[in-house]
Amino acid sequence: MTVRSEIARGAAEMFSDRYVSRCGMHLACLEARFDEINSKSRQKDSDGFMLGARAEQVNEIDSIAHDDTRELFNTHQEIVSAYNLCREYVTEIRKLQKRLGIDDDTLVSATDLWNSQGVHMKALLASYDGAR
């Protein structure tokens, strides 16, 4: 498999209904599911897979954290935790990109990610880079 196909596979795995849709708008549930997946994936999956997975995780968590109804389903602490987790994941994404020699354009084209507000993934990553 190529690195691009592994990135796409990782993103697709995280986006699959069996993980995301079960949590709805609950950030704590989503974080717990991603923690469970991450524990399993780190043992057996490639850096490319993890890069795609992390990108999709940031996309999903950020989308919920910025939703107008987030306070109906999440506490203030859960929302703050979600933003912190996104910063952690973006730090890991940057390390994986460096290790694999993958720039943002390649990552975006491999995953075809956009957040729910139509903001390109590159802008989303940059927003968390600046928030460190």
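Has region 45-68 got at least one residue that is under 24 Å from Ala126 (Cα atoms), open to solvent by 70 Å² or more (accessible area, probe 1.4 Å) and more than 13 Å from the chain's Cα centre (by Cα)? Taking every residue of region 45-68 in turn, at least one turns out to be under 24 Å from Ala126 (Cα atoms), open to solvent by 70 Å² or more (accessible area, probe 1.4 Å) and more than 13 Å from the chain's Cα centre (by Cα).
Would you call Met50 modelled with pLDDT under 80 and hydrophobic (A, V, I, L, M, F, W, C)? I'd like the intermediate steps shown before the answer.
Values: modelled with pLDDT under 80: no; hydrophobic (A, V, I, L, M, F, W, C): yes.
Answer is no for this residue.
Name the pairs: first residue in region 65-88 and of a type in the set (Lys, Arg), second residue open to solvent by less than 80 Å² (accessible area, probe 1.4 Å), Cβ to Cβ under 8 Å, at least 6 apart or on different chains? Once the first residue is of a type in the set (Lys, Arg) and sits in region 65-88, its partners that are open to solvent by less than 80 Å² (accessible area, probe 1.4 Å) give Arg70/Met25; Arg70/Leu27; Arg70/Ile64; Arg70/Ile79; Arg87/Tyr128; Arg87/Ala131.
The values are calculated or read from the model by the stated rules, or taken from the named source; none is laboratory data. Predicted model, so just to flag it, every value in this text is computed and none were measured. Neighbour counts are summed over all protein chains in view; Cβ atoms, including those assigned to glycine, are modelled from backbone coordinates with ideal geometry. Quick note on the areas: whole protein, heavy atoms, side chains included, nothing else; ligands and nucleic acids left out. Shrake-Rupley method; radii C 1.70, N 1.55, O 1.52, S 1.80 Å.
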